[in-house]
1. Applying the selection to the range B:1-41, what residues are closer than 19 Å to B:ASP341 by Cα and assigned to a helix (DSSP H, G or I)?
2. Criterion first (assigned to a loop (DSSP other than H, G, I, E, B) and modelled with pLDDT of 90 or more) does B:VAL270 satisfy it?
3. Out of A:GLY234, A:GLY269, which single residue is on the phi > 0 side of the Ramachandran plot, surrounded by 15 or more Cβ atoms within 10 Å (Cβ to Cβ) and at the interface with another protein chain (Cβ under 10 Å from one of its Cβ atoms)?
4. B:VAL231: touching a His at 6+ places or on another chain (Cβ under 8 Å), more than 9 Å from chain A (Cβ to nearest Cβ) and surrounded by 19 or more Cβ atoms within 10 Å (Cβ to Cβ), yes or no?
5. Check B:SER247 against each of (1) more than 14 Å from chain A (Cβ to nearest Cβ); (2) at pLDDT 85 or above and name the one condition it does not meet.
6. Return yes when B:LEU337 is modelled with pLDDT under 95, in contact with a strand residue (DSSP E or B) (Cβ under 6 Å, 6 or more places away or on another chain), within 14 Å of chain A (Cβ to nearest Cβ) and under 29 Å from A:GLN279 (Cα atoms) and no when it is not.
7. Being over 27 Å from the mean Cα position of the chain (by Cα), among the acidic types (Asp, Glu) and over 29 Å from A:ALA316 (Cα atoms) is true for just one of A:ASP245, A:ASP241. Which residue is that?
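The values are calculated or read from the model by the stated rules, or taken from the named source; none is laboratory data. Nothing here was measured: the structure is a model prediction, and the numbers come from that model. Neighbour counts are summed over all protein chains in view; Cβ atoms, including those assigned to glycine, are modelled from backbone coordinates with ideal geometry.
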Amino acid sequence: MDPREFCARTGLVIVAGKGGVGKTTVAATLARLAAEEGLRALVVDLQGGDGLARTFGGPRLDYHDQQLWPPPGTGGGASGPPAGRVMGRSLTPDLALLEYLDDHGLRRIGRRLSRTGAADLVATAAPGIADIVLLGKVRQLEQQRRADVVVVDAPASGHALTFLGAPTTLLATVSTGPIRTQAEEARALLTDPRRCRVVLVTLAEETPVNETVQTAYALDDEVGVDLGPVVVNGLYPVIEDLGVDPGEAARSAGVALDPAQAATLAAAGELRAARQGLQGAQVARLAAELALPQVHLPLLPVASIGPDHLGELSRALADELQALTPVP
Amino acid sequence: MTRGTVAGLVGGSGVVVCCGPGGVGKTSVAASVALESARRGRRAAVVTVDPARRLADALGIAELGNTPQRIEGSWSGELWALMLDARSTFDALVQAQAVRPGQAEAILANRFYRNIAGALSGTQEYMAMEKLHELHASGHYDVIVVDTPPTRNALDFIDAPRRLVRFLDNRLTRLVLFPTRASLRAVNVAAQAFLRTVSKVVGGEVVGEAVAFFQTFEGMEAGFRTRARQVQDLLAAEGTAFLLVTSPRADAVDESRYLAERLVEGGIAVSGLVVNRGHPPFDEVVLDLPTGSAAAGPLARLEANLRDLRARAAVEEAEVARLAAEIGSAPVSRVPLLAGDVCDLEGLGRLGRYVFAA
């Protein structure tokens, strides 16, 4: 599949997965790839962390769009076709709720809600209300077409299901009013495969794979959202034939090796071979239990993913997408 | 500055709260700490929040029971485990605190209550702490190890009891519910107007359920408040240790530093650190590899692998050093990445020996 076509297929891509699987990295990689392909991408952080901004090497995200890539002040000649770029922003339930109430002429209510702590009360009375307001804001960003693709870094997976299931939950509780309308609009967006899809991220480990399979089925059954390929993140690049005896390998290469060196090489080889075996088994299990195409991203030997690594990852993603056969 | 050991820390504690970011193997570490304590002759219980299925099977707690199950094995102490059921814990708390007949039943049937028990943020954290208090008060255990939900803000579970009480004790709701007091009448008019507006946004039945809940709940606040204070006292007590569990990856370390800072703000110091799943520190092997065909041979692959794993270990060690510097003289244990996943008692035993290694 052509990477550009992949990125532009829907105006909204929601990236979801269990905590610690690299969901933020994948959201950033997708946005960067879209920009490399000449598209305007907007990444949206819903978690109030600064991981997304740090990945791009930029300052902490706030409630306003800011340019993340190319870094502001670099490149951008006056001539030629408009180049791709990544903008970023964050969304928080509190600010989205205030904005929502403002837009509905309820500014004073908003102030009182946040002052009396009654926001918690309302959120408990109608669970999902904060999520609905957030989804409403996401829908607005998608509708405004300020970007070719909006990439949302969603809450961790148990929460992702609550988040994306909020319209359905709320429609069962609330029978009238503007919030109901908002929930209906959010559901229309989530269930339209031409506008929105969810990309699940996982690691090739027991628990993340289980949770990914469960989440995928639940999202399909309970939300009816279109699921894109599953991203298997953090894979060791495979080195073959690590089970060889180092002493023998050294002899055939004509290299001297003392027993301590041989033992170290053997131990390191065994560890990686075992980890590669585990990850291979989990990848196969994921394929057997979930009929979605997979794209694989490597575990880079770096402390944290920065702008340079993002380029490397987006090229890896492009290669993986090229190798995918388009879904009819 | 000398650091003690995690073994010493756990040995001297009656409560061990394991906190840390998600996806670092926190539940396994919590279970291994309890197992190792049992091997050292103590009566140990572990409260897990959301264990992986295979681990739950290994511990014999796959069925929700909400009471500790004893795990038999060849250790001199006792090992007990339970999987937290936040909802039943909350139900039991409501039943225990009821002040008139029929009150608990009415609350348990209310939809607003079910939303609190199921979805209010912080409830799961609070119930983990509530369960801890209950087990501690029973006097049956020498040490109780609690796994906590992966929260970004560690204060969520320290603060959860107080926040819930504040929520249940909401001033606004009192104004709405007790309109007869003359002095409050003026305020009450405003509150009624407020509720009407909220009803317009979210619908009247939602507000109706909430009002019914608070009317029924009347009289139980004092009991809840006392209980919340007891839970908080237990967390702040001398024999309670906070064990920070993390992996050496940068994002996990960042989140752990954030957690540690929040704990300190809450008046609690990190008592120990467990770094799980780091690449082991292999020795360097310098080889004089010939160029040409042998450069792609088996020896070159073994060497490339060692170099790659060493590079990963070095990057991780720098991250761990960053975190260790932040937690003062608290002991640090390192658990290397193992060749297999930890999913049975044997695996937990191996893990526990690393956590307790001096």
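1. B:LYS26, B:THR27, B:SER28, B:VAL29, B:ALA30, B:ALA31, B:SER32, B:VAL33, B:ALA34, B:LEU35, B:GLU36 - these are the residues of the range B:1-41 that are closer than 19 Å to B:ASP341 by Cα and assigned to a helix (DSSP H, G or I).
2. Criteria met by B:VAL270.
3. Working: A:GLY269 fails: on the phi > 0 side of the Ramachandran plot.
Within the list A:GLY234, A:GLY269, the selection yields A:GLY234.
4. Values: touching a His at 6+ places or on another chain (Cβ under 8 Å): yes; more than 9 Å from chain A (Cβ to nearest Cβ): yes; surrounded by 19 or more Cβ atoms within 10 Å (Cβ to Cβ): yes.
For B:VAL231, the condition - touching a His at 6+ places or on another chain (Cβ under 8 Å), more than 9 Å from chain A (Cβ to nearest Cβ) and surrounded by 19 or more Cβ atoms within 10 Å (Cβ to Cβ) - is met.
5. (1)
6. On the way: modelled with pLDDT under 95: yes; in contact with a strand residue (DSSP E or B) (Cβ under 6 Å, 6 or more places away or on another chain): yes; within 14 Å of chain A (Cβ to nearest Cβ): yes; under 29 Å from A:GLN279 (Cα atoms): yes.
Taking the combined requirement at face value, the residue satisfies it.
7. Values: A:ASP241 fails: over 29 Å from A:ALA316 (Cα atoms).
Being over 27 Å from the mean Cα position of the chain (by Cα), among the acidic types (Asp, Glu) and over 29 Å from A:ALA316 (Cα atoms) holds for just one of A:ASP245, A:ASP241, which is A:ASP245.
Residue by residue, here is whether (1) modelled with pLDDT under 90; (2) touching an Asp or Glu at 6+ places or on another chain (Cβ under 9 Å) holds:
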{"position": "A:THR25", "(1), (2)": "no, yes"}
{"position": "A:ALA34", "(1), (2)": "no, yes"}
{"position": "A:GLU37", "(1), (2)": "no, yes"}
{"position": "A:LEU42", "(1), (2)": "no, yes"}
{"position": "A:PHE56", "(1), (2)": "no, no"}
{"position": "A:GLY76", "(1), (2)": "yes, no"}
